[in-house]
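Comments concern the structure below.
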Amino acid sequence: QVRLVESGGGLVQAGTSLTLSCKASGYTEGYTFSSYATGWFRQAPGKEREFVGGISRAGGQTQTKFAASVKGRFTLSRDNALNTVSLQMSSLKPEDTAVYYCAAFITHSPYYASDDAREYDYWGQGTQVTVSS
């Protein structure tokens, strides 16, 4: 069962940038990190968890999908050799404050990125991002 560990969260000022990383390990037998599509979700206090961005499993021609609230400000990348996926966040706003979770699922489609939390089978513990105004 894959284990996901997020890092990179912290307290930043509005308008600045921050990069979150997700390191994967412990894959289901017969699979590698490149078998998993990954994504990021976030949950602010008192709010439902929401989709942030998703990235397909293909290393060379990844497909990405983003929530409208972050499109143009956030980007995703992955390094299958290092078993990591990164969320680059720029022009941060106070409303981006939340706990950010990395998630993954096995897919046979190399170019499929999902925004549906129900498809994700594996979740990290989360990392806090706080954006001050």
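The values are calculated or read from the model by the stated rules, or taken from the named source; none is laboratory data. Nothing here was measured: the structure is a model prediction, and the numbers come from that model. Ideal geometry is used to build each Cβ from the backbone, glycine not excepted, and the neighbour counts take in all protein chains shown.
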(message) It is to be established whether one or more residues within region 69-87 are in contact with a Phe, Trp or Tyr (Cβ under 7 Å, 6 or more places away or on another chain), touching a residue at least 40 places away in the same chain (Cβ under 8 Å) and part of a strand (DSSP E or B).
(response) yes
(message) Could you check region 90-126 and list, in sequence order, the residues that are within 11 Å of the chain's Cα centre (by Cα) and not in a loop (DSSP other than H, G, I, E, B)?
(response) 100, 101, 102, 103, 104, 123
(request) Answer yes or no: is there a residue in region 69-83 that is closer than 15 Å to residue 126 by Cα and modelled with pLDDT of 95 or more. (result) no
(message) Let me confirm something: among 27, 100, 120, 31, which residue is farther than 25 Å from residue 17 by Cα and at pLDDT 95 or above?
(response) 120
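Yes/no per residue for (1) under 25 Å from residue 15 (Cβ atoms); (2) within 13 Å of the chain's Cα centre (by Cα):
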| site | (1), (2) |
| --- | --- |
| 42 | yes, yes |
| 53 | yes, yes |
| 57 | no, yes |
| 63 | no, no |
